[in-house]
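The values are calculated or read from the model by the stated rules, or taken from the named source; none is laboratory data. The structure displayed is predicted, hence computed values, not measured ones. Glycine gets a Cβ as well: all are built from the backbone with ideal geometry, and neighbour counts include every protein chain shown.
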Amino acid sequence: MTTFDDREKAFESKFAHDQEMAFRITARRNRLLGQWAAGLMKLTPEETDSYAKGVVQADFEEAGDEDVIRKLLGDLTSAGVDIDDATIRTAIDTKLVEARRQLMEGK
């Protein structure tokens, strides 16, 4: 029975680690998205940092990426940036890969 308990704890530990990594990757992706959007809006470095944090916070409104997409699309459109939903979704995919790479490299 000890072997079974050990395996169960190992699976639980791996699951918890995987969930934590997924959260960290998503948060990093959202920060990178905020920095990308801030660059398009020509924000100052201070404004960029604040905006990137706001994008990370926006992701807590609902499950999935739609809350982030709405925020980015609304803010970019309001700033006069000509952008569409598809471009933002492409940026999400690109920044997800970049975030995963950064976390794997330990940055």
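Take the conditions (1) farther than 24 Å from Arg101 by Cβ; (2) assigned to a helix (DSSP H, G or I); Leu32 misses just one of them, which is (1).
Counting only residues that are under 18 Å from Arg24 (Cα atoms) and not basic (Lys, Arg), region 52-90 holds 15 of them. Can we say Arg7 is out of contact with any Leu (no Cβ under 8 Å at 6 or more places or on another chain), within 30 Å of Ser78 (Cβ to Cβ), in a helix (DSSP H, G or I) and among the charged types (D, E, K, R)? Taking the combined requirement at face value, the residue does not satisfy it.
Just one of the listed residues (Leu40, Leu76, Leu96) is among the aliphatic types (A, V, I, L, M), under 11 Å from the mean Cα position of the chain (by Cα) and surrounded by 15 or more Cβ atoms within 10 Å (Cβ to Cβ), namely Leu96.
Selection of region 58-95 for residues being touching a Ser or Thr at 6+ places or on another chain (Cβ under 8 Å) and modelled with pLDDT of 95 or more yields only Ile83. Criterion applied to Lys9, Lys53 was being touching a residue at least 12 places away in the same chain (Cβ under 8 Å) and either under 18 Å from the mean Cα position of the chain (by Cα) or loosely packed, with under 11 Cβ neighbours inside 10 Å (or both), and the one residue passing it is Lys53.
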